[in-house]
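Note sheet for the following structure.
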Amino acid sequence: QLLAGAVVAEAVMCRLGVESLDICPWALREGVILRRLDQLESA
């Protein structure tokens, strides 16, 4: 799955003309929760 995801990500980046991007080391659910916690702390 990791290799397939990397191939898809590279193809999408090439089609969109994106040279670099940030990848979250967590799953989507954990990333959303952590981002929300950061927003609450800075408010």
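Okay, here's what the table says:
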| read-out | value |
| --- | --- |
| Å² per residue, accessible surface of the chain at 1.4 Å | 102 Å² |
| Fraction of accessible area attributable to carbon and sulfur, the chain (%, probe 1.4 Å) | 62 percent |
| Inverse mean reciprocal Cα-Cα distance (Kirkwood Rh) of the chain, Å | 12.4 Å |
| Cα-projected label distance for residue 29 with residue 11, points at 7 Å along beta-carbon direction, nm | 2.8 nm |
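The values are calculated or read from the model by the stated rules, or taken from the named source; none is laboratory data. Note that the structure is predicted; figures quoted are calculated from it, not measured. Ideal geometry is used to build each Cβ from the backbone, glycine not excepted, and the neighbour counts take in all protein chains shown. All accessible areas refer to the heavy atoms of the entire protein, side chains included, with ligands and DNA or RNA removed. Shrake-Rupley method; radii C 1.70, N 1.55, O 1.52, S 1.80 Å.
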